[in-house]
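Note sheet for the following structure.
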């Protein structure tokens, strides 16, 4: 079978939602990112009942001048809480990011 599978679509939804929430939170705090690039790594494992998504790790590369690491960490937490796709999903989703000045 060719094409995108449902697990990839779920990962893409998580990545897009987090990027949009992050952009909104940055804007509300007076910052403008030069770029936000988020990908999702979806882990699919075999369980007793079949296959299940056991983790979705978001990895973001953000170019954002003039922000302190402490302020940025706070904004990341707000973005995670403000993303309805992450908030509505079961399990843990850990945004991992690299901030580039």
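Bear in mind these aren't lab numbers, they're just calculated from the coordinates by the rules spelled out. These numbers come from a predicted model, not from an experiment. As a convention, Cβ positions derive from the backbone with ideal geometry for all residues, glycine included, and neighbour counts pool all protein chains shown.
Of note:
- Once the Cα atoms are used to define both axes, helix 69-82 deviates from the longest principal axis of the chain by about 50 degrees.
- Given in Å, the Rg to one decimal and the Dmax to the nearest whole number for the Cα atoms of the chain are 14.8, 49.
- Relative protection proxy for 31-39, 64-72, from highest mean packing down: 31-39, 64-72 (other beta-carbon atoms within 10 angstrom).
- Residue-averaged 222 nm ellipticity for the chain, from DSSP H runs of 4+ at -39500 (n - 2.57), nearest 500: -13000 deg cm²/dmol
- Treating r as the C-beta distance of residue 31 and residue 81 and R0 as 22 Å, the FRET efficiency rounds to 0.80.
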